[in-house]
Amino acid sequence: ADSTLTRNFCIIAHIDHGKSTLADRFIEKAKLYVSRGPAQDQILDTMDIERERGITIKSQAVTIPYTAKDGKTYELNLVDTPGHVDFSYEVSRAISSCEGALLVIDASQGVEAQTLANLYMAMEHNLTIIPVINKIDLPSADIDACLHQIDHDLGLEPEETVLVSAKTGAGVDELFEAIVKQINPPEGKDSLPLQALIFDSHYDAYRGVIVHCRVFNGILEVGSEVRFMHTDTPYKVEEVGFFQLGLVKTDALHAGDVGYVITGVKTISDVRVGDTITTVKNAAKNPLPGFKDVKPVVFSSIYPVDTNDYEELVSAIERLKLNDASLIYEKDSSAALGFGFRCGFLGMLHLEVVQERIEREFGLSIVFTSPSVKYIVHMKNGDVINIDNPLEYPDPMRVEYAEEPFIQANIITPSQFVGSLITLCMEKRGVQVGMNYLDEKRVELLYEMPLSEVLFEFYDRMKSVSRGYASFDYQLIGYKRTDLVRMDILVNGEPVDALSQLVFRGSSQLRGKQVCERLKGEIPRQQYKIAIQAAIGGTIVSRETINAFRKDVTAKCYGGDISRKRKLLEKQKEGKKRMKMVGNVEIPQSAFLAVLKSD
Ligand code: GTP
């Protein structure tokens, strides 16, 4: 391959501005496939859940051949990136393997919080940035306003902006030309020792682990002996190739190429994203600069609703882990729920995706415990411990003080919502650190807030108080002192360990009330009265009662036909399978989930 004809680029954008649709249009234009299957709307989003939620979770790569106006055929390597904050680390991986980025802006929305965050990340990696205004077919498109923002807010050239509609395909040819003209070809040399950057990997049931890499220097050749520099493991290269809606084999990947490599690697956990592949002989002296380590920020335990399903849960988690190195877990057990796993997630969206996949792909009913962030607890005896599980919170008498993780949020909003957003941030214990007018109509608010407040319901509240117009992005900034208490939930006097949570003292009363009310709404009446209480230490902070009720499902059809009766009883049994017994009370799976939900 001639690397002067190669262009490596990614598409970055705020969520929903149309990255996946645009990527789709590229592939279609390049005639990599002929007809569009009705079931598969967006080709790059392969997982069902992604398709349903319309979000891109795993970055994917594809090579598009394109014959430009100069008559030459270029190889355009597109790396698709996700837009949600939980998965922002995927963006940085993708960016490191490219020379250029298309910064997509929705013509009806303009610049939003993640547009800025992505721009900064692309600038840090010295990428050439092509501004793209998408959705120009919309009646509400305001191209002039977007051009102004590109100039004023982003400091990019309005003249270099390409106008497109990913929906109709308008402007896509111009965009291909802009990619060829504005983005530099890759610079590496085949003659130097091999340095290939691992930017992703996925697991294939037949082939094992498929490593996605960008070759910066040297040649990655079938049959050669290679070494992953950080993990220091040697492997033999079994196959290499390019991504073209599937894997297309070739003999070698050269400097500048983006492609895949298959070695004997068995599980995703043996591959460190950000690691450098080099050859055993004539090895590179130094690895390429790696990536930030991905650290989970939300922790929760997963239990099967039916304790007999534990073995199936074990295999479900192991299977998920094959394809999701960011999911971390260890064995856990609970008095109320039996055996399960303590898991770490990148955010609430990641947690929900894992939950859905376990339920859908493995057909298991599961219960999640209240999610928690990681706290640092300073003990009176000088010990310092990390705690993400409320059950491990030590006796308060022995605690000197606790610290919790804080973030800096940047919120971009039309100015009329500033008042309500400030109220919301204050309610979430936010401290304002900045407020900038971006132009006459739009304001950027900067707040420091506890991560725990942002994770659990902030996003929905922000969207509702701003009628969907405000957008936000955040970064962890470190730990700050907090006043933490452990709140336990008692059902008929029995603590349900899975419902315990660590909360800010000032919010505990309100939180306790919420949890009790929600549980009251979810636990069906039973043959005796049920008391639901929230307690901090020995003090009850909230209480609800569910009155007794005798439920006889067959009563309606006395004298009726027996098969109908049997069906009803079976249905009730089905329902029972999704219940957990706590003491003498049956708690449905939905009750555990309801406690997690935001308002
Ligand atoms: P994530 O993958 O979730 O980050 O979102 P995305 O940025 O990839 O957005 P996506 O491609 O899923 O598009 C979001 C929505 O905008 C979808 O409903 C698309 O159909 C729509 N959309 C994308 N491009 C256009 C366009 O050019 N015109 C119009 N009218 N709608 C578009």
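Restricting to the stretch 319-337, count the residues that are surrounded by fewer than 17 Cβ atoms within 10 Å (Cβ to Cβ), small (Gly, Ala, Ser) and part of a strand (DSSP E or B).
Qualifying residue count, the stretch 319-337: 1.
Which residues, counting only those in the stretch 1-23, are in contact with a Lys or Arg (Cβ under 9 Å, 6 or more places away or on another chain), near the ligand (Cβ under 6 Å from one of its atoms) and in a helix (DSSP H, G or I)?
Of everything in the stretch 1-23, just one residue is in contact with a Lys or Arg (Cβ under 9 Å, 6 or more places away or on another chain), near the ligand (Cβ under 6 Å from one of its atoms) and in a helix (DSSP H, G or I), namely Thr21.
List the number of the failed condition for Met123; all other conditions in (1) part of a helix (DSSP H, G or I); (2) buried (at least 16 other Cβ atoms within 10 Å of the Cβ) hold.
(2)
In the stretch 397-420, is there at least one residue being exposed (fewer than 13 other Cβ atoms within 10 Å of the Cβ) and within 22 Å of Arg511 (Cβ to Cβ)?
no
Of the residues Ser269, Ser224, Ser301, only one is of a type in the set (S, T, N, Q) and touching a Phe, Trp or Tyr at 6+ places or on another chain (Cβ under 9 Å); which?
Going through Ser269, Ser224, Ser301 in turn, the sole match is Ser301.
Of all residues in the stretch 411-428, how many are at pLDDT below 90 and not β-branched (Val, Ile, Thr)?
Selection size over the stretch 411-428: 1.
If we keep just the residues of the stretch 381-413 that are charged (D, E, K, R) and either in contact with a helix residue (DSSP H, G or I) (Cβ under 6 Å, 6 or more places away or on another chain) or part of a strand (DSSP E or B) (or both), which is nearest to Arg461 (Cα to Cα)?
Out of the qualifying residues, it is Glu404.
Can you find, within the stretch 12-26, the residue that is surrounded by the fewest Cβ atoms within 10 Å (Cβ to Cβ) among those that are in contact with a Leu (Cβ under 7 Å, 6 or more places away or on another chain) and either within 13 Å of Phe176 (Cα to Cα) or modelled with pLDDT under 80 (or both)?
Here the residue is Phe26.
Name the pairs: first residue in the stretch 83-108 and away from the ligand (no atom under 14 Å from the Cβ), second residue of a type in the set (A, V, I, L, M) and at pLDDT below 70, Cβ to Cβ under 7 Å, at least 6 apart or on different chains?
Tyr89/Val294
Check Ser466, Ser500, Ser508, Ser452 and return the single one that is over 23 Å from Ser301 (Cα atoms) and in contact (Cβ under 8 Å) with a residue 12 or more places away in the chain.
After ruling out the rest, the residue left standing is Ser466.
Hey, Ser301 hits all of (1) surrounded by fewer than 21 Cβ atoms within 10 Å (Cβ to Cβ); (2) on the phi < 0 side of the Ramachandran plot; (3) at pLDDT 90 or above but one; which does it fall short on?
Single failed check for Ser301: (1).
Condition first: within 23 Å of Arg25 (Cα to Cα), more than 29 Å from the chain's Cα centre (by Cα) and within 16 Å of the ligand (Cβ to nearest atom). Can you find one or more residues in the stretch 118-130 that meet it?
Looking for residues that are within 23 Å of Arg25 (Cα to Cα), more than 29 Å from the chain's Cα centre (by Cα) and within 16 Å of the ligand (Cβ to nearest atom), one finds none in the stretch 118-130, hence no.
Taking the condition of being in contact with a Pro (Cβ under 8 Å, 6 or more places away or on another chain) and surrounded by fewer than 19 Cβ atoms within 10 Å (Cβ to Cβ), how many residues in the stretch 304-313 meet it?
Total satisfying the criteria: 2.
Quick one: which of Val280, Val222 is farther than 26 Å from Leu5 by Cβ and at pLDDT 90 or above?
That would be Val280, the only listed residue that is farther than 26 Å from Leu5 by Cβ and at pLDDT 90 or above.
Filter the stretch 144-202 down to the residues that are of a type in the set (Asp, Glu) and either in contact with a Lys or Arg (Cβ under 8 Å, 6 or more places away or on another chain) or in contact (Cβ under 8 Å) with a residue 60 or more places away in the chain (or both) and list them by number.
Asp153, Asp173, Glu177, Glu187, Asp190, Asp200
Do the conditions hold for Ala316, that is, is it at pLDDT below 90, surrounded by 15 or more Cβ atoms within 10 Å (Cβ to Cβ) and among the aliphatic types (A, V, I, L, M)?
no
Is it true that Glu352 is free of Cβ contacts under 8 Å to residues at least 12 places away in the same chain, within 16 Å of the chain's Cα centre (by Cα), farther than 23 Å from Glu392 by Cβ and in a helix (DSSP H, G or I)?
When the stated conditions are applied, Glu352 passes them.
Which of the numbered conditions does Val496 fail, given that it passes all the others? Conditions: (1) over 21 Å from Ser372 (Cα atoms); (2) buried (at least 22 other Cβ atoms within 10 Å of the Cβ); (3) out of contact with any helix residue (DSSP H, G or I) (no Cβ under 6 Å at 6 or more places or on another chain).
Of everything listed in (1) over 21 Å from Ser372 (Cα atoms); (2) buried (at least 22 other Cβ atoms within 10 Å of the Cβ); (3) out of contact with any helix residue (DSSP H, G or I) (no Cβ under 6 Å at 6 or more places or on another chain), Val496 misses just condition (1).
If you check every pair at least six apart or on different chains, which have Cβ atoms under 7 Å apart with a residue in the stretch 385-408 that is without any contact (Cβ under 8 Å) to a residue 12 or more places away in the chain first and a residue that is of a type in the set (Val, Ile, Thr) second?
Ile385/Val377
Only one of (1) within 16 Å of the ligand (Cβ to nearest atom); (2) modelled with pLDDT of 95 or more fails for Val172. Which number is that?
(2)
Identify all residues within the stretch 142-163 that are within 24 Å of Asp473 (Cβ to Cβ) and either in contact with a Ser or Thr (Cβ under 7 Å, 6 or more places away or on another chain) or within 16 Å of the ligand (Cβ to nearest atom) (or both); write none if there are none.
Asp142, Cys146, Leu147, Ile150, Thr161
Surrounded by 19 or more Cβ atoms within 10 Å (Cβ to Cβ) and in a loop (DSSP other than H, G, I, E, B): is that true of Ser165 in this structure?
Answer is yes for this residue.
All but one of (1) more than 20 Å from the chain's Cα centre (by Cα); (2) surrounded by fewer than 21 Cβ atoms within 10 Å (Cβ to Cβ); (3) at pLDDT 90 or above hold for Gly344; which doesn't?
Answer for Gly344: the failing condition is (1).
Tell me whether the stretch 61-71 contains one or more residues that are part of a loop (DSSP other than H, G, I, E, B) and either hydroxyl-bearing (Ser, Thr, Tyr) or modelled with pLDDT under 70 (or both).
no
The values are calculated or read from the model by the stated rules, or taken from the named source; none is laboratory data. The model shown is predicted, which means the values in this text are computed figures rather than measured ones. Reconstructed Cβ throughout: ideal geometry from the backbone, glycine too, with neighbour counts over all protein chains shown.
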